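Asker: Shown below is the structure under consideration.
Read-outs throughout are calculated quantities, based only on the coordinates presented, and are distinct from any laboratory measurement. Just so you know, these numbers come straight off a predicted model, no measurement behind them. Reconstructed Cβ throughout: ideal geometry from the backbone, glycine too, with neighbour counts over all protein chains shown.
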Amino acid sequence: MNDFYIILGKKIKEIRQKVGMTQEELAWKCGISLNFLGQIERGQKKPSIDTIKKIATAL
């Protein structure tokens, strides 16, 4: 996987934890599965621009 997606996933996780949000809460707010969010945070999946926008808005 591209380094960009690994860094993006780490940043999403870092910010999510900083604001005190669980993966379950963030996934629910974004309308994505918990499994998919976990894969994004680990850099294993490439989220669409729309999904990135939803995550950014929720955080």
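Asker: Below 8 Å between Cα atoms, with a sequence gap of 6+, how large is the relative contact order for the chain in percent?
Answerer: 45
Asker: Can you give the net charge of the other residues whose Cβ lies under 13 Å from the Cβ of Tyr5, counting K and R as +1 and D and E as -1?
Answerer: +4
Asker: When Lys and Arg each count +1 and Asp and Glu each count -1, what net charge do the other residues less than 9 Å away from Arg16, Cβ to Cβ, add up to?
Answerer: -1
Asker: Using helices alone, what [θ] at 222 nm do you get for the chain, with -39,500 (n - 2.57) per DSSP H run of 4 or more residues, divided over all residues and rounded to the nearest 500?
Answerer: That comes out to -21000 deg cm²/dmol.
Asker: Just how many % of Cα pairs in the chain lie over 20 Å apart, if you round to the nearest whole percent?
Answerer: Counting every Cα pair in the chain, those more than 20 Å apart make up 10 percent.
Asker: Another question, then. Taking the Cα centre of the chain as origin and charging only Cβ (+1 Lys, Arg; -1 Asp, Glu), how large is the dipole, in debye to the nearest 20?
Answerer: Around 100 debye, computed over the chain.
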